[in-house]
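The values are calculated or read from the model by the stated rules, or taken from the named source; none is laboratory data. Here the structure is a predicted model, which means the values were calculated and not measured. Don't worry about glycine lacking a Cβ; one is built from the backbone with ideal geometry, like all the others, and counts go over all protein chains shown. Heavy atoms of the whole protein, side chains included, go into the accessibility calculation; ligands, DNA and RNA do not. Shrake-Rupley method; radii C 1.70, N 1.55, O 1.52, S 1.80 Å.
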Amino acid sequence: LTADDPFMFSSQNEQDNRYYAKFGGLPMVEPSSVAEAKDMIKEAFDLSESLGQPVLMRTTTRINHSNAFVTFGDIRPRQTRGKFIRDPHRCVTVPAVSRGLHAKLLEKLEKAGQMSETSELNFIRGQGRLGIVANGVSFHYAEDGVKDLGIEDKARIFRLGFSNPMPENQIKEFLKACDKVLVIEE
């Protein structure tokens, strides 16, 4: 979990941890609300187990400083015992090993890209030729703006929840259906 502070609203430094996902070749998910953060963390753990690598969950200021009622639902049984398998070719990253691990990382990133294309964390709401792409809490700002302007029949919003790797094909299809596009982020 990384907690960014765009525009330094509550800390001494501005952060954009999306770069860590790109630099590290790691999948990233971004919730739009407190309740969604609770739900999305389970999906992030499942994704991590499926890919065999860490998954970053990025929150930003408005989520970090919010509270809300959430429904827990079923709680999975705790697994308090781990298992470590000694494997120097996975853990000791000298150059000869690193080259092979890098190839595996790229394979995992490719698989994550395919998962992003079909993930329910990315979705489109609305219809019309005006497109809005939003991530995090900005998705709700966009929804409110569309409603306040009375353009529900003219605007469609692409909510990006599984943001790295980006669902390139979904984005291309979304853009094809739009005359203009506005990108909103916190």
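When each of the peptides 135-147, 66-78 is scored by the mean number of other C-beta atoms lying within 10 Å of its residues, the order from highest to lowest reads 135-147, 66-78.
Taking Cα pairs under 8 Å and at least six residues apart, what relative contact order does the stretch 112-186 come out at, in percent? Intermediate results must be reported in sequence, preceding the final value.
Details: 130 pairs, mean separation 36.3, N = 75.
Value for the stretch 112-186: 48 percent.
In terms of Cα atoms, the Rg and Dmax of the stretch 85-161 work out to 20.5, 60 Å.
The portion of the accessible surface of the chain made up by carbon and sulfur, rounded to a whole percent, is 56 (1.4 Å probe; DNA, RNA and ligands excluded).
State, as an integer percentage, the relative contact order of the stretch 13-84 based on alpha-carbon contacts under 8 Å between residues 6 or more apart.
Values: 53 pairs, mean separation 23.7, N = 72.
Answer for the stretch 13-84 is 33 percent.
Solvent exposure of the stretch 128-167, expressed per residue, is 42 Å² of accessible area, with all protein chains present and a 1.4 angstrom probe.
With every protein chain left in place, what is the accessible area per residue of the stretch 1-113 in square angstrom, probe 1.4 Å?
On the way: 8200 Å² over 113 residues.
About 73 Å² of surface per residue is accessible.
If the cut-off is 15 Å between C-alpha atoms, which aspartates and glutamates fall inside it for LYS111, apart from same-chain ones fewer than 8 positions away? Excluding near neighbours in sequence, the set is ASP46, GLU49, GLU168.
Using the Cα centre as the reference, give the magnitude of the dipole from point charges on the C-beta atoms of the chain (Lys, Arg: +1; Asp, Glu: -1; all else neutral), rounded to the nearest 20 debye.
Numbers: 25 positive and 26 negative charges, 154 e Å.
For the chain, the charge dipole is close to 740 debye.
List the equivalent ellipsoid semi-axes of the stretch 57-105 in whole Å, largest first, each obtained as the square root of 5λ for an eigenvalue λ of the Cα gyration tensor.
Numbers: eigenvalues 282, 83, 15 Å².
Semi-axes (√(5λ), whole Å): 38, 20, 9.
Contact order for the stretch 1-143, expressed relative to its length and based on alpha carbon pairs under 8 Å spaced 6+ residues apart, stands at 29 percent. So, in Å, what gap is there between the alpha-carbon centers of the stretch 117-152 and the stretch 23-58? With the stretch 117-152 and the stretch 23-58 each reduced to a Cα centre, they are spaced 21 Å. Divide the volume of the convex hull around the Cα atoms of the stretch 18-88 by the residue count and you get 123 Å³ per residue.
Using DSSP to call loops (not H, G, I, E or B), can you name the GluC sites (Glu not before Pro) in the stretch 80-133 whose Cβ has at most 14 other Cβ atoms within 10 angstrom? Present the calculation step by step, with values, prior to reporting the outcome.
Working: sites: GLU107, GLU110, GLU117, GLU120; in loops: GLU120.
Listed in order of number, the matching sites are GLU120.
Shape analysis of the stretch 136-186 based on the Cα gyration tensor places the equivalent ellipsoid semi-axes at 20, 15, 7 Å, largest first.
Tell me the volume per residue, in Å³, of the convex hull enclosing the alpha carbons of the stretch 31-134. Show your work: numbers first, answer last.
Values: hull volume 19.0 nm³, N = 104.
Hull volume over Cα atoms, normalised by residue count, gives 182 Å³.
Pair-distance distribution of the stretch 94-136: all C-alpha pairs, bin width 5 Å, starting at 0; shares per bin in whole percent are 6, 15, 15, 15, 13, 10, 9, 8, 4, 3, 2.
Listed options for percent of Cα pairs over 28 Å apart are (1) 35; (2) 22; (3) 60. The value calculated from this structure is the one marked (1).
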